[in-house]
Amino acid sequence: MAGTTILKMNDISKDFSGVKALDGVSIEVRRGEVHAICGENGAGKSTLMKVLSGVYPAGSFDGDIEFEGKKVAYRTINDSEADGIVIIHQELALSPYLSIAENIFLGNENQKRGVIDWNKTNREAALLIARVGLSENPATKILELGVGKQQLVEIAKALSKQVKLLILDEPTAALNDEDSAHLLSLIEQLRGQGITCIIISHKLKEIKRIADTVTVIRDGKTIETIDMAGPDATESRIIRSMVGRDLNNLFPPRDPKIGEEVLRVENWTVFHPVDTARKVVDDASFTVRAGEIVGFAGLMGAGRTELAMSLFGRSYGTNISGTVYKNGQEIQMRTVDEAIRNGFAYATEDRKRYGLNLIGDITQNVSAAALGKLAQLGVIDRNREYKVADSYRSKMNIKAPSVSSITGKLSGGNQQKVVLSKWIFTGPDVLILDEPTRGIDVGAKYEIYGIINELAAQGKAVVVISSELPELLGLADRIYAISEGKLTGEVSREDASQETLMHYMTAGKD
Ligand SMILES: Nc1ncnc2c1ncn2[C@@H]1O[C@H](COP(=O)(O)OP(=O)(O)OP(=O)(O)O)[C@@H](O)[C@H]1O
Ligand SMILES: [Mg+2]
């Protein structure tokens, strides 16, 4: 059966009150292949998949869909699932307080005369989670699992629905290298079992490894479909299609001008907020100078985010000890407000939870952390607020019809740019960026690196936490490695390589 067409989406257009998200996109997927969709932030990738799966019901878009040779018109996600189309969204949707088994069969319970058959549920769940390579007990609660494993539970859940076409929207964006590799092999395994897969990802290396075919979309239009077995199926070809031009350098040029020490942290120790005997950050000491970009490398769970959040107004952890100096003076940051007053900003990796007010518009979000700068005699100058937000919209190239657009409706990458704008507008001296380019397309990454360089050039002390080692190597003047809460190494840009960093990042691990 391999090679025949399983899905055809013809000339799909969709607009949101005047904004054209899709403008005549067509895509054809063969049975049993892994088909990647690539495109810049806001290109329309997630929207296209929501059209396919009935999140946006038939009638709310133009164009038509053929699945297994039949025209389909899904009105809900249940309709598409009944045909074997399962979508795993960009934001995971498991219930944290329910078990793995409960999540897998949520909404699809094994019932006997209205009573859930728990023996059957647990038995089947055990089989499904074994199929995705998890060894957890099905009774384990989701909140006890890391994101990598949660992703696998989502796939197990899809398998329980007899999936024929599995759609993964940026499945590895929040995963470390090891979990990503595991997920990719699982997708290859499913392909071996005849399951067709559509994957959206900004990580072109993964696409290169796993995809049989790539469709590139830009501004809501199909640009081209590339057969990845062909001779010119390269990353740069995909990039050129995505951004409409060549991008030879992934990092903008920079001439670092490093000044005096701005931040000095000594013996920083933090305990876990619930498991209070566990040290999450262990006696960490480091410095950052004016104009310097300092990277923090570490595996998932190493304590990078915990270090940053505990410094930033003690937003994480208990029983925190250690000393922070700014420009040689000891400072206290007991609350987020106090941290902001001390000239600190922390742009979080988890934009949904801490970073943004999703029901607010872009203007409200950009100004949220620095309303004081816009107020006169306690009254906010709305006109200036609007102008500031609009200037960030153009500077950061945020794709939205206006700054009155609701942030929750922006594409993932554009939400990230709003988070960055918000913190840059506070005018910090010390800027901590936690995974600043997660979910961001290659072209926009370049723009964000340019912005980070500019902040450093203004003499700010910049800390970048990133799981992508090439990003740290391309951006940072100096890199600290962290493993199990301890700083295990410090390397200058000249001496840094993926191998040295990996060595320190796994120090003390078996
Ligand atoms: N519910 C909505 N209301 C209004 N506009 C929307 C809505 N959903 C998406 N859009 C707009 O449609 C366009 C396409 O968004 P979409 O989320 O499909 O992009 P994407 O390609 O998935 O981007 P990313 O890589 O950043 O996730 C964007 O301009 C976005 O702002
Ligand atoms: Mg998306």
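The values are calculated or read from the model by the stated rules, or taken from the named source; none is laboratory data. This structure is a prediction, so every number in the text was calculated from the model and none was measured. Please note: Cβ atoms are built from the backbone with ideal geometry, for glycine as well, and neighbour counts cover all protein chains shown.
Only one residue in Leu134, Leu145, Leu183 is more than 17 Å from the chain's Cα centre (by Cα), over 24 Å from Ile12 (Cα atoms) and surrounded by 20 or more Cβ atoms within 10 Å (Cβ to Cβ). Which one? Sole residue among the options that is more than 17 Å from the chain's Cα centre (by Cα), over 24 Å from Ile12 (Cα atoms) and surrounded by 20 or more Cβ atoms within 10 Å (Cβ to Cβ): Leu134.
Might you let me know whether segment 413-424 holds any residue that is touching a residue at least 12 places away in the same chain (Cβ under 8 Å), within 16 Å of ligand 1 (Cβ to nearest atom), surrounded by fewer than 19 Cβ atoms within 10 Å (Cβ to Cβ) and closer than 30 Å to Glu235 by Cβ? Explain how you work it out, then say what you get.
If we filter segment 413-424 for residues that are touching a residue at least 12 places away in the same chain (Cβ under 8 Å), which is where we start, we get 413-424.
Keeping just the survivors that are within 16 Å of ligand 1 (Cβ to nearest atom) gives 413-421.
Retained after the next criterion (residues that are surrounded by fewer than 19 Cβ atoms within 10 Å (Cβ to Cβ)): none.
No, segment 413-424 contains no residue that is touching a residue at least 12 places away in the same chain (Cβ under 8 Å), within 16 Å of ligand 1 (Cβ to nearest atom), surrounded by fewer than 19 Cβ atoms within 10 Å (Cβ to Cβ) and closer than 30 Å to Glu235 by Cβ.
Those residues that are part of a loop (DSSP other than H, G, I, E, B) and β-branched (Val, Ile, Thr), I need them from segment 235-259; list them, please. Working first, answer last.
Of the residues in segment 235-259, the ones part of a loop (DSSP other than H, G, I, E, B) are 244-259.
Hit for segment 235-259 is Ile258, nothing else.
The selection criterion, being closer than 18 Å to Leu190 by Cβ, more than 16 Å from ligand 1 (Cβ to nearest atom) and assigned by TED's automatic domain parsing to the domain that holds Ile198, does not hold for Val72.
Figure legend. Inter-residue proximity from segment 352-378: first residues closer than 14 Å to Ile424 by Cα, second residues of a type in the set (Ser, Thr, Tyr) and modelled with pLDDT under 85, beta-carbon distance below 7 Å, spacing 6+ or different chains. Indicated pairs: Gly355/Thr348.
If we scan segment 393-402, do we find a residue that is out of contact with any Ser or Thr (no Cβ under 6 Å at 6 or more places or on another chain), within 16 Å of ligand 2 (Cβ to nearest atom) and in the same structural domain as Thr287 (by TED's automatic domain parsing)? Please lay out each step first, then the result.
Residues of segment 393-402 out of contact with any Ser or Thr (no Cβ under 6 Å at 6 or more places or on another chain): 393-395, 397-402.
If we keep only those that are within 16 Å of ligand 2 (Cβ to nearest atom) as well, we get 398-400.
Remaining after also requiring in the same structural domain as Thr287 (by TED's automatic domain parsing): none.
No.
Any chance segment 393-400 includes a residue that's surrounded by fewer than 23 Cβ atoms within 10 Å (Cβ to Cβ), in contact with a strand residue (DSSP E or B) (Cβ under 7 Å, 6 or more places away or on another chain) and charged (D, E, K, R)? Within segment 393-400, none of the residues are surrounded by fewer than 23 Cβ atoms within 10 Å (Cβ to Cβ), in contact with a strand residue (DSSP E or B) (Cβ under 7 Å, 6 or more places away or on another chain) and charged (D, E, K, R).
Give the residue that is surrounded by the fewest Cβ atoms within 10 Å (Cβ to Cβ), with candidates limited to residues of segment 214-257 that are under 23 Å from the mean Cα position of the chain (by Cα) and away from ligand 1 (no atom under 15 Å from the Cβ).
First, the residues of segment 214-257 that are under 23 Å from the mean Cα position of the chain (by Cα): 214-220, 235-236, 238-243, 247, 249-252.
With the extra rule that they be away from ligand 1 (no atom under 15 Å from the Cβ), the set shrinks to 235-236, 240, 247, 249-252.
On the way: Glu235: 12, Ser236: 12, Arg240: 16, Leu247: 14, Asn249: 10, Leu250: 13, Phe251: 15, Pro252: 16.
Taking the candidates together, the pick is Asn249.
Against the definition (within 16 Å of ligand 2 (Cβ to nearest atom), charged (D, E, K, R), modelled with pLDDT under 95 and buried (at least 21 other Cβ atoms within 10 Å of the Cβ)), how does Asp441 come out, yes or no?
Working: within 16 Å of ligand 2 (Cβ to nearest atom): yes; charged (D, E, K, R): yes; modelled with pLDDT under 95: yes; buried (at least 21 other Cβ atoms within 10 Å of the Cβ): yes.
So Asp441 fits the description; yes.
From the list Ser17, Ser95, the lone residue that is more than 16 Å from ligand 1 (Cβ to nearest atom) and within 24 Å of Leu358 (Cβ to Cβ) is Ser95.
Condition test on Val403, is it on the phi < 0 side of the Ramachandran plot and touching a helix residue (DSSP H, G or I) at 6+ places or on another chain (Cβ under 7 Å)?
Working: on the phi < 0 side of the Ramachandran plot: yes; touching a helix residue (DSSP H, G or I) at 6+ places or on another chain (Cβ under 7 Å): yes.
Criteria met by Val403.
Residue-level analysis places Ala43 among those that are outside any strand (DSSP E or B) and surrounded by 24 or more Cβ atoms within 10 Å (Cβ to Cβ).
I'm checking my understanding of the structure. Among residues of segment 461-493 that are acidic (Asp, Glu) and farther than 18 Å from Thr287 by Cα, which one is surrounded by the most Cβ atoms within 10 Å (Cβ to Cβ)? Within segment 461-493, the match that is surrounded by the most Cβ atoms within 10 Å (Cβ to Cβ) is Glu471.
In segment 164-193, the residues that are assigned by TED's automatic domain parsing to the domain that holds Gly44 and under 19 Å from Ile37 (Cα atoms) reach residues that are of a type in the set (Ser, Thr, Tyr) and assigned to a helix (DSSP H, G or I) with C-beta atoms within less than 7 angstrom, at least six apart or across chains, in these pairs: Asp169/Ser46; Thr172/Ser180. Cβ-Cβ contacts under 7 Å between residues 6 or more apart (or on different chains), taken from a first residue in segment 27-53 that is within 14 Å of Val214 (Cα to Cα) to a second residue that is within 9 Å of ligand 1 (Cβ to nearest atom) and part of a strand (DSSP E or B), are listed as Ile37/Ile200; Ile37/Ile217; Gly39/Ile217; Lys45/Ile37; Lys45/Ile200; Lys45/Ile217. Filtering segment 464-493 to residues that are charged (D, E, K, R) and modelled with pLDDT of 90 or more leaves Glu471, Asp477, Arg478, Glu484, Lys486, Glu490, Arg493.
Residues that are more than 16 Å from ligand 2 (Cβ to nearest atom) and not β-branched (Val, Ile, Thr), at least 2 per element: which strands (runs of 3 or more DSSP E) completely within segment 193-234 meet that? Before you say what the answer is, go through the steps one by one.
Numbers: elements: 196-200, 213-218, 221-227.
The strands (runs of 3 or more DSSP E) meeting that bar are 221-227.
If you check Ile37 against the conditions, is it within 19 Å of Cys197 (Cα to Cα) and away from ligand 2 (no atom under 16 Å from the Cβ)? The answer is no for Ile37.
Residue-wise test of (1) under 21 Å from the mean Cα position of the chain (by Cα); (2) modelled with pLDDT under 95.
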| site | (1), (2) |
| --- | --- |
| Val29 | no, no |
| Met49 | yes, no |
| Leu52 | no, no |
| Arg75 | no, no |
| Leu106 | no, yes |
